[in-house]
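The values are calculated or read from the model by the stated rules, or taken from the named source; none is laboratory data. Note that the structure is predicted; figures quoted are calculated from it, not measured. Neighbour counts are summed over all protein chains in view; Cβ atoms, including those assigned to glycine, are modelled from backbone coordinates with ideal geometry.
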Amino acid sequence: MLPDFSNIANELWIIILIFIYNLINNIKISESGAENRKLKYIKNALNNIKHRYSNIINSKVSDIRLRQIIYAIIIHESFNRPKIFRILEYIKSKFSSKEVSLGIMQVKSEHAITDSESIEKGIDIIIKHFETLKVDFKIEYENEKANEYSLEYLEQDYQAKLIRKYNHCDDYTYEIKDLADYINEKFYLANKDTRNLFLNYISNN
């Protein structure tokens with residue numbers, strides 16, 4: 001059905017145009033609202049992590065970027081595995097001898113562990129892989145150190161490798177990397193130095 005342009009004031013088409021106009025406006029508001037909700041959720045989650053587990057994280061990790069990656073993993077895992085699910089997994093593990101993923105960082109364990117213990121174990125796993133990868137990074141750095149753009153790519157590639165060591169899923173790697181970048185942008189003033197990890201290691205050694 002097409003409008004009669006000789007009678008554009010037709011009430012039906014006025015209603016349709018108003019509906020379309022409101023729909024477009026609501027979509028814009030919804031997108032803005034979604035961003036605000038995302039920021040609020042991550043801010044609250046980050047504050048909660050720091051309040052509950054900063055003594056563990058800070059004692060094991062001094063590099064800010066590595067902390068951001070750990071925060072991102074904890075936020076991502078706790079979102080996908082809320083407390084009630086972790087409690088059920090904890091109870092199930094007590095009656096099973098199989099190795100299962102447990103705790104807020106979803107680490108493999110043959111026995112029941114708490115969220116705090118999972119963070120300790122998760123950090124140990126990440127640090128272990130970082131210690132291995134930084135040796136390889138230094139070798140490649142020596143070949144690329146004159147090219148700033150290559151170094152930026154190398155940095156991001158090795159951060160992705162580190163996350164992939166923790167969880168082999170490519171989607172997971174992208175999501176954690178993206179969340180860590182978001183945390184750096186919103187809560188660390190988008191500082192380039194706090195977005196680097198392997199390059200920081202080189203500059204400090």
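Here are the numbers for this structure:
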{"read-out": "Every residue from the range 106-148 that is touching a Ser or Thr at 6+ places or on another chain (Cβ under 6 Å) and aromatic (Phe, Trp, Tyr)", "value": "none"}
{"read-out": "Selection count, the range 51-70, where residues are part of a helix (DSSP H, G or I) and under 28 Å from Ile202 (Cβ atoms)", "value": "13"}
{"read-out": "Residue match in the range 95-106 (condition: under 30 Å from His51 (Cβ atoms) and loosely packed, with under 15 Cβ neighbours inside 10 Å)", "value": "no"}
{"read-out": "Counted residues, the range 143-173 - those being closer than 17 Å to Phe130 by Cβ and in contact with a Lys or Arg (Cβ under 9 Å, 6 or more places away or on another chain)", "value": "8"}
{"read-out": "Cross-chain or 6+ apart pairs with Cβ under 7 Å, the range 62-77 first and under 15 Å from Lys50 (Cβ atoms) and free of Cβ contacts under 8 Å to residues at least 12 places away in the same chain, then among the hydrophobic types (A, V, I, L, M, F, W, C) and assigned to a helix (DSSP H, G or I)", "value": "Arg67/Ile57"}
{"read-out": "Within the range 151-205, tally of residues that are within 24 Å of Lys138 (Cβ to Cβ), assigned to a helix (DSSP H, G or I) and not β-branched (Val, Ile, Thr)", "value": "26"}
{"read-out": "Matching entry among Asp170, Asp124 (being modelled with pLDDT of 95 or more and surrounded by fewer than 16 Cβ atoms within 10 Å (Cβ to Cβ))", "value": "Asp124"}
{"read-out": "Unique residue being within 15 Å of Ile64 (Cα to Cα), in contact with a helix residue (DSSP H, G or I) (Cβ under 9 Å, 6 or more places away or on another chain), free of Cβ contacts under 8 Å to residues at least 12 places away in the same chain and not polar (S, T, N, Q) when the list is Ala180, Ala190", "value": "Ala190"}
{"read-out": "Residue count for the range 115-135, restricted to those that are free of Cβ contacts under 8 Å to residues at least 24 places away in the same chain and either within 14 Å of Ser59 (Cα to Cα) or of a type outside the set (Gly, Ala, Ser) (or both)", "value": "6"}
{"read-out": "Near pairs, Cβ below 8 angstrom, 6+ apart or cross-chain, from the range 158-169 (under 14 Å from Met105 (Cα atoms)) to any residue that is in a helix (DSSP H, G or I) and aromatic (Phe, Trp, Tyr)", "value": "Ile163/Tyr172"}
{"read-out": "Set Lys92, Lys98, Lys60: member being out of contact with any Lys or Arg (no Cβ under 9 Å at 6 or more places or on another chain) and closer than 18 Å to Leu46 by Cα", "value": "Lys60"}
